[in-house]
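First comes the structure, then the notes that go with it.
The values are calculated or read from the model by the stated rules, or taken from the named source; none is laboratory data. Bear in mind that the values here come from a model prediction, so they are computed numbers and not experimental data. Note that each Cβ is placed from the backbone with ideal geometry, even for glycine, and that neighbours are counted across all protein chains shown.
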Amino acid sequence: MGLLGLAAFLALWKAAETLEWVRRGTMPDPFLVPSAALDELSSGRLLPAISSSLIHYAWGLGLGSILGFLVGAGAATNQLFDGLHAWLARILRPIPPLAWVVFAIAWFKVSHAGAAFVIAIGVFWVNYFATYSAVRNVDPRFHELARAFGQGAYVKLHVSVTLPAASPGIFAGLRTGVGQAWMTLIAAELLGVPGMGQEMNSAAGVGAYEAVVVYMLAISVVYSCSDWLFGRVEDRALRWRPS
Amino acid sequence: MASVLRAQDIVLRFPGSDRPVLDRFELSVQPGEFIAIVGGSGVGKSTLLRVLAGLLQPQAGRITLDAAENRRRRRRAIVFQDGRLMPWRTLDANVAFGLEGLQLTNTERNERIDEVLRLTGLDDLRDRYPHQLSGGQVQRTGIARALAVQPDVLLMDEPFSAVDALTRESLQDELLRVWQLSGKAVVFVTHDITEAVFLADRVIVLSGTPASIATNKPIEIVRPRQRGTAEIAELVREIGSAL
């Protein structure tokens, strides 16, 4: 069924190209995509671009997730911190990660760190909110249980009760971050940091639209792999949940 | 004989309400004694139990234990109405929870777990997660968790009210067996007078606002007791008229 849909889509695409539904030369030919892929691969552009993107991805995702989790968990469990940060969060949160590109370039120049910085900001908010609300929604009866058995002190309470109880929500945030980081990544790289986004941009510059499609597909494949991998980790960590 | 747990002059008022739930309330629990507390819903049975457990701090009065808490056991342990197992822990890890607040070696901890699992007949189920257990098994696990900390007094908050009638009878029989084997005192809150009379050495009826002891009735039926005897029915009628 899915295969049929895919074939129909390819046919439609090919028709759009041959019948010139858009300006001539701007519609890639689907049947030239495989050879364009081989081209990108053999010219040594595809793999370095992927690995460069993965570096931005890993750093941005890692830092954003860890910081988002820490700030979210801290705010949800400490009233003073919650009060202090509330306004700041309200002001900073609506700013789209890409708006930070200006500062990323000013501070880090066009570098890996700049791309990672922009990605981390997007991921930070996703994890901050997921963790904050997951921790806030932990059933208070578990806290009563912990106090009843002498484990009501801050660290013990939150490590042995809050964290595992909130883990489904925290994982949902992490997983959203895995996707969100990927979206911001390409946008950040379009600005010129080496990676798949940049390769796409330069291919488009010379009208090599088949190559653009190659990078789009590469993005899709790498994202699917990372999401699958994360799904496995999540299933393992949350295997106590009734299925 | 020194009481294992004594409440003196307890005054408990919830914030925002002008009438206290408990006003100069007195209760003392003798070693090995089985006390049942009955009363209509909302009279403050569960509140009283939480005060006895140290989970609610009264505005006045004091709770005395016959010896100070030490690091190898707890003087009191509570069994909750909802079982309150942590869904992310297997049965044996739930039983271990109370022990994590004590200073025990790993060997001692494992011995205690094995011992209470044998006592409560849960040994074969130790690797199950809570969602894989029946309502009765959940309550038995809650009892095992409380027994593992080797308390002098077991505080039970309507522990069998959420299971079906047949399971309830077998849980009652099991509780009596465990109680007689372990020699611990039990304070058992229930709204079921028949259950109270069948189980307890002494039935206390709470009524009014603030709650006071309307009846304090020793039950002198010899053990093992039979269900549905005229003797029980007579006492149930007598206690019921005080409610």
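If you go through segment B:6-44 and pick out every residue that is more than 20 Å from B:THR190 (Cβ to Cβ) and aromatic (Phe, Trp, Tyr), you end up with 1. In summary, helices (runs of 4 or more DSSP H) completely within segment B:49-150 and bearing 3 or more residues that are within 13 Å of another protein chain (Cβ to nearest Cβ) occur at B:91-96, B:135-148. Exactly one residue among A:ALA75, A:ALA106 is away from every other protein chain (no Cβ under 14 Å) and either touching a Ser or Thr at 6+ places or on another chain (Cβ under 6 Å) or modelled with pLDDT under 95 (or both), and that residue is A:ALA106.
Taking segment A:2-107 and the helices (runs of 4 or more DSSP H) fully enclosed by it, the elements with 1 or more residues that are more than 30 Å from A:LEU163 (Cβ to Cβ) and not hydrophobic (A, V, I, L, M, F, W, C) are at A:2-18, A:33-42, A:46-77. If the condition is being within 9 Å of chain B (Cβ to nearest Cβ) and either exposed (fewer than 12 other Cβ atoms within 10 Å of the Cβ) or in contact with a Leu (Cβ under 9 Å, 6 or more places away or on another chain) (or both), then segment A:224-242 contributes A:ARG239, A:PRO242. Filtered by the rule that a residue be part of a strand (DSSP E or B) and not hydrophobic (A, V, I, L, M, F, W, C), segment B:192-222 gives B:ARG202, B:SER207, B:SER212, B:THR215, B:ASN216, B:LYS217, B:PRO218. Candidates A:THR176, A:THR131: the one that is buried (at least 19 other Cβ atoms within 10 Å of the Cβ), within 29 Å of A:SER224 (Cβ to Cβ) and more than 14 Å from every other protein chain (Cβ to nearest Cβ) is A:THR131. Please verify whether segment B:9-27 includes one or more residues that are buried (at least 17 other Cβ atoms within 10 Å of the Cβ) and under 25 Å from B:VAL178 (Cα atoms). Yes, some residue in segment B:9-27 is buried (at least 17 other Cβ atoms within 10 Å of the Cβ) and under 25 Å from B:VAL178 (Cα atoms).
With respect to B:PRO31, determine if the residue is at pLDDT 90 or above and more than 13 Å from chain A (Cβ to nearest Cβ).
yes
Here B:SER41 does not qualify as touching a residue at least 40 places away in the same chain (Cβ under 8 Å), within 13 Å of chain A (Cβ to nearest Cβ) and of a type in the set (Ser, Thr, Tyr). Looking across segment A:134-161 at every residue that is of a type in the set (Gly, Ala, Ser), under 25 Å from B:LEU147 (Cβ atoms) and part of a helix (DSSP H, G or I), the one that is farthest from the other protein chains (Cβ to nearest Cβ) is identified as A:ALA146. Considered as a group, the residues in segment B:151-191 that are among the small types (Gly, Ala, Ser) and in a helix (DSSP H, G or I) include one that is nearest to the chain's Cα centre (by Cα), and that residue is B:SER182. Listed conditions (1) at pLDDT below 95; (2) more than 20 Å from B:SER182 (Cα to Cα) are all met by B:GLU69, apart from (2).
In segment B:14-48, of all residues being among the polar types (S, T, N, Q) and assigned to a loop (DSSP other than H, G, I, E, B), the one that is nearest to B:LEU199 (Cα to Cα) corresponds to B:GLN30.
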